[in-house]
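Below is one structure; the comments refer to it alone.
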Amino acid sequence: MLIAMDAQHQLVNAATADRQSDYHCPGCVQPVRLKRGAVVVPHFAHVHATDCDAFSEGESTEHLRGKQQLATWFATSGYTVRLEAGLPDLHQRPDILVQRGTGQPLALEFQCSPLSVARLAARTQGYRQHGYQVFWLLGRPYQRQLHLNSKALKFLQYQQRWGTFLLFLDVQSASVRLLHHILTLDAEPLTYQTSRLDTRSQSVLSLQQLTPKMSSPTLPSAHLQRYYQQLLVARLRHQRGFDVLQADCYQRGGTIAQLPSWTMPTTPQVPLLSVPYLVWHAHVFFALRQRPGCLTGPQIKALLWDQLRPLLARRACLQSRGQLAQQLIAAMIVTLGEQQVLIQRGTDWQVNSQQLRWGKG
Ligand SMILES: [Zn+2]
């Protein structure tokens, strides 16, 4: 912990604490000792072994340094900063609580250790329900090559100007890295763009005002469609959901390779699903085969949602997941129209059985 209570019940930062005084843990009020030396980040530790709820020992150097860096960064950017402030109404203690003027308070969590998605969801919802905004910044254990099964993805957040994004803090260089417009296309590596800010020379405001331009992804051209489809099927073979999908296809008299070409994803999408997008599209194919004739707009939306919902990944920090899912459904209706799977008849849609046949494979 970076903050302790002195004899006058004042909170003191370990960086400026004096060695002669007695200090107590702000959580359990047991005595703590100042640790400061040439190599250690100044911090406090309980004198005796304790089962303190507020502060567990074994906080990493990275975590201690990162918290101080963030505190300094926000303070020099004009924020009121409280380190390790206990929030009694939530029973939560964010690493840092910042506020600019009378704006909405923002909880910053610098995560360097494992955290279950259930705990992450509970903490994130706790903040939001009590009127706090929350940002998760990820430390070194999460800074590996990003892929669809990365532990980092459960921290995925969304805002209009950054799309789906993640924030990382690199304590070595005291810099914040923003990975924005994180997108997935089946059987391809995740794509994203990166912006880096030096917390020693750039203010928090320059991060908030960052409006990166989204470069448009490249798509396979029409004449490569068939080749792309074969490649996709071959690559997906080892991914989650493939065997189940193959079994689902067999049950309905086909194979994955025989799925109609309109089911093959060709546009990068937000990483919302726990399986490839092809699985969702195939399920739409199956469902439409069961519903010949005409469907109303709301019926189409309900059908697409019913197929999508069980495939959504748990994204504990993604407040706009429902909204993003609605965007996926709207885009899917456009695609189904373009591909003549659905033909518009006034306000209704005619299901085109020509496009609902198994291919040759
Ligand atoms: Zn304690």
Got a sec? Which of S175, S195 is more than 13 Å from V270 (Cα to Cα), out of contact with any Lys or Arg (no Cβ under 7 Å at 6 or more places or on another chain) and assigned by TED's automatic domain parsing to the domain that holds A107? S195
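Would you mind finding the one in Q104, Q99 that is out of contact with any Ser or Thr (no Cβ under 6 Å at 6 or more places or on another chain), surrounded by fewer than 21 Cβ atoms within 10 Å (Cβ to Cβ) and not assigned by TED's automatic domain parsing to the domain that holds F44? Give the steps one after another, and end with the answer.
Values: Q99 fails: out of contact with any Ser or Thr (no Cβ under 6 Å at 6 or more places or on another chain).
So the residue among Q104, Q99 that is out of contact with any Ser or Thr (no Cβ under 6 Å at 6 or more places or on another chain), surrounded by fewer than 21 Cβ atoms within 10 Å (Cβ to Cβ) and not assigned by TED's automatic domain parsing to the domain that holds F44 is Q104.
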Is it fair to say Q225 is closer than 20 Å to P268 by Cβ and out of contact with any Gly (no Cβ under 7 Å at 6 or more places or on another chain)? yes
In region 8-23, what count of residues is obtained for those that are touching an Asp or Glu at 6+ places or on another chain (Cβ under 8 Å) and either outside any loop (DSSP other than H, G, I, E, B) or within 14 Å of the ligand (Cβ to nearest atom) (or both)? 2
Answer with yes or no whether V81 is surrounded by 17 or more Cβ atoms within 10 Å (Cβ to Cβ), more than 16 Å from the ligand (Cβ to nearest atom) and not assigned by TED's automatic domain parsing to the domain that holds W136. no
Checked region 298-326 for anything closer than 18 Å to L156 by Cα, part of a helix (DSSP H, G or I) and open to solvent by less than 90 Å² (accessible area, probe 1.4 Å); matches are L311, R321, G322, L324, A325
If we keep only residues of region 40-49 that are open to solvent by less than 80 Å² (accessible area, probe 1.4 Å) and without any contact (Cβ under 8 Å) to a residue 24 or more places away in the chain, then the residue farthest from the ligand (Cβ to nearest atom) is V40
Scanning region 268-297 for residues that are of a type in the set (G, A, S) and part of a helix (DSSP H, G or I), which turns out nearest to the chain's Cα centre (by Cα)? A282
Filtering strands (runs of 3 or more DSSP E) wholly in region 99-186 for at least 3 residues that are over 19 Å from R321 (Cβ atoms) gives 106-111, 163-170, 175-183
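Does Q30 satisfy the criteria of being within 16 Å of the ligand (Cβ to nearest atom), of a type in the set (S, T, N, Q) and more than 24 Å from F135 (Cβ to Cβ)? Full working, then the answer.
Values: within 16 Å of the ligand (Cβ to nearest atom): yes; of a type in the set (S, T, N, Q): yes; more than 24 Å from F135 (Cβ to Cβ): yes.
Here the answer is yes, as Q30 does meet what is asked.
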Residue pairs within 9 Å by beta carbon, gap of at least six or interchain, first lying in region 21-39 and under 17 Å from L83 (Cα atoms) and touching a residue at least 60 places away in the same chain (Cβ under 8 Å), second more than 12 Å from the ligand (Cβ to nearest atom) and open to solvent by 90 Å² or more (accessible area, probe 1.4 Å), listed first then second, are P26/L11
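So, Q69, is that one in a loop (DSSP other than H, G, I, E, B), open to solvent by 20 Å² or more (accessible area, probe 1.4 Å) and more than 10 Å from the ligand (Cβ to nearest atom) or not? Let's see the steps before the verdict.
Numbers: in a loop (DSSP other than H, G, I, E, B): no; open to solvent by 20 Å² or more (accessible area, probe 1.4 Å): yes; more than 10 Å from the ligand (Cβ to nearest atom): yes.
It is false that Q69 is in a loop (DSSP other than H, G, I, E, B), open to solvent by 20 Å² or more (accessible area, probe 1.4 Å) and more than 10 Å from the ligand (Cβ to nearest atom).
The values are calculated or read from the model by the stated rules, or taken from the named source; none is laboratory data. Small disclaimer: the values here were computed from a predicted structure and weren't measured. For neighbour counting, all protein chains shown are included, and Cβ atoms are generated from backbone atoms with ideal geometry for every residue, glycine included. For accessibility, only protein heavy atoms count, side chains too; no ligands or nucleic acids. Shrake-Rupley method; radii C 1.70, N 1.55, O 1.52, S 1.80 Å.
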